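Visitor: This is the structure I have questions about; it appears just below.
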Amino acid sequence: MIPIGDNDSDRTTTPIINYLLIGLNIFVFIYYQSFGTNDAFTLSYATVPGEILSGKDITTNGLGITPIPVYATIFTAMFMHGGIGHIAGNMLYLWIFGDNLENRMGHIKYLVFYLLTGVIATLAHVFASDFTGQDVLIPSLGASGAISGVLGGYLILFPANKVRVLAFVFTITVPAFVTLGLWIGLQFLSGWESLGTQGGGVAYAAHIGGFVAGICLVRLFAGKVPKSALP
């Protein structure tokens, strides 16, 4: 099931941070990454688990020189993507689910929440890569970890919210806890099957780590969950 929209009837503010995040991701992908073809930029600014673990820039295995502190790549990698399909899917999820969180949290808190869950997601991938024996010199990039945090927060704040999804050739409406429950279940299943590796080019540990971080931190940023929001 692919989500294509949700119920925004309770939104009272313009989600300017969400729009800026989407715009920045698209700008970096087009201007700096040249639609994903600028390998030199990607290999210099993506997160390399081995660099985060050692704190040192690594230039073997085709990796580029990182002109910024290696820990800063945790942030730069959040705004980079591997291809059109990668960024399109991420921005679709951010467009649908991010505005509701920003409306509840406020602009600044939402931005901090987004970045913080993205950092936690990346660190989850870094340590999972090391723990499971994955090649720690494989670069990681994408907004998926931070967006997973948004999905985790959405699940807690709006579990009964109606989400329109595309199921095969039909459009149906289901509660958010069904859509997001199936999504995180798939991440756990796929992550287990890949034994923590970046199977198929997907960092499942980052998705799971970001989602769990979103669940755990959302009340800190948005306050108590109204009883009316519960399914």
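A short reminder: the numbers here are calculations on the coordinates, not readings from a lab. Values in this document were obtained by computation on a predicted structure and should not be read as measured data. No Cβ is skipped: glycine too gets one built from the backbone with ideal geometry, and neighbour counts run over all protein chains shown.
Visitor: What are the residues whose amide H is under 5 Å from the amide H of Ser140, where those residues sit 5 or more places off or on another chain and H is modelled from the backbone?
Guide: Amide H neighbours of Ser140: Thr47, Val48.
Visitor: Another one. Output wanted: per-residue J couplings in Hz (rounded whole) for the range 119-135, from phi through Karplus 6.51 cos²θ - 1.76 cosθ + 1.60, θ = phi - 60°, x for Gly and Pro.
Guide: With the stated coefficients, the range 119-135 comes to 5, 4, 4, 5, 5, 4, 5, 4, 6, 5, 4, 5, 5, 8, x, 5, 5 Hz.
Visitor: Right, another one. Of Pro15, Thr66, Thr37, which is farthest along the charge dipole of the range 1-86 in the positive direction, counting Lys and Arg as +1 and Asp and Glu as -1 at C-beta?
Guide: Sorting the options by dipole projection puts first Thr66.
Visitor: Using θ = phi - 60° and the Karplus curve 6.51 cos²θ - 1.76 cosθ + 1.60, what whole-Hz ³J(HN,Hα) does each residue of the range 174-189 get, with Gly and Pro shown as x?
Guide: 9, x, 4, 5, 6, 4, 6, x, 5, 5, 5, x, 5, 5, 5, 5
Visitor: If the chain between Leu186 and Asp10 were fully stretched, how many nm would it gain, using 0.36 nm times the residue separation less the Cα-Cα distance? Intermediate results must be reported in sequence, preceding the final value.
Guide: Working: separation 176, 0.36 × 176 = 63.36 nm, distance 2.93 nm.
Here the segment from Leu186 to Asp10 would lengthen by 60.4 nm.
Visitor: Which loop-located trypsin sites (Lys or Arg not before Pro) does the range 11-104 contain, where loop means any DSSP state but H, G, I, E or B and the Cβ has at most 16 other Cβ atoms within 10 Å? Intermediate results must be reported in sequence, preceding the final value.
Guide: Working: sites: Arg11, Lys56, Arg104; in loops: Arg11, Lys56.
Passing both the DSSP loop test and the Cβ count: Arg11, Lys56.
Visitor: 7 Å from Cα along Cα→Cβ at both Leu115 and Leu20: what's the point-to-point distance in nm?
Guide: Spacing of the two 7 Å Cα→Cβ label points: 1.0 nm.
Visitor: 5 Å is the cut-off here: which amide hydrogens, built 1.01 Å from N in the peptide plane, fall below it relative to Asp6, excluding neighbours closer than 5 in sequence?
Guide: Arg164
Visitor: Let me make sure I get this right: for the range 109-173, a, b and c are the square roots of the gyration tensor eigenvalues over alpha carbons, sorted descending. Under 1.5 in a/c it's rounded, otherwise prolate if a/b > b/c, else oblate. Which is it?
Guide: Numbers: a/c = 2.96, a/b = 1.67, b/c = 1.77.
Oblate is the answer for the range 109-173, as a/c is 1.5 or above yet b/c matches or exceeds a/b.
Visitor: What are the ³J(HN,Hα) couplings of the range 53-59, residue after residue, when phi is run through the Karplus curve with 6.51, -1.76, 1.60 and θ = phi - 60°? Round to Hz, x for glycine and proline.
Guide: 5, 9, x, 10, 6, 10, 10
Visitor: Another question about this same structure. Using a Förster distance of 25 Å, how high is the FRET efficiency between Ala72 and Ile108, based on the Cβ-Cβ distance and rounded to 0.05?
Guide: Values: r = 21 Å, r/R0 = 0.85.
After rounding, the FRET efficiency stands at 0.75.
Visitor: Here is a further query. Taking the Cα of Ile30, stepping 7 Å toward and past its beta carbon, and measuring to each backbone N in the range 143-162: which are under 19 Å?
Guide: 143
Visitor: Placing one identical point scatterer on every Cα of the chain and ignoring solvent, what is log10 I(q)/I(0) from the Debye formula at q = 0.08 Å⁻¹?
Guide: -0.28
Visitor: Now for a separate question. Quick check for me: using +1 on Lys/Arg Cβ and -1 on Asp/Glu Cβ, what's the dipole size of the range 2-223 about its Cα centre, in debye to the nearest 20?
Guide: Working: 7 positive and 11 negative charges, 94 e Å.
It comes to approximately 460 debye.
Visitor: What FRET efficiency do you get for Lys162 and Ile65 if R0 is 30 Å and r is their Cβ-Cβ distance, rounded to the nearest 0.05? Write out the running numbers ahead of the final one.
Guide: Working: r = 49 Å, r/R0 = 1.63.
Efficiency, rounded to the nearest 0.05: 0.05.
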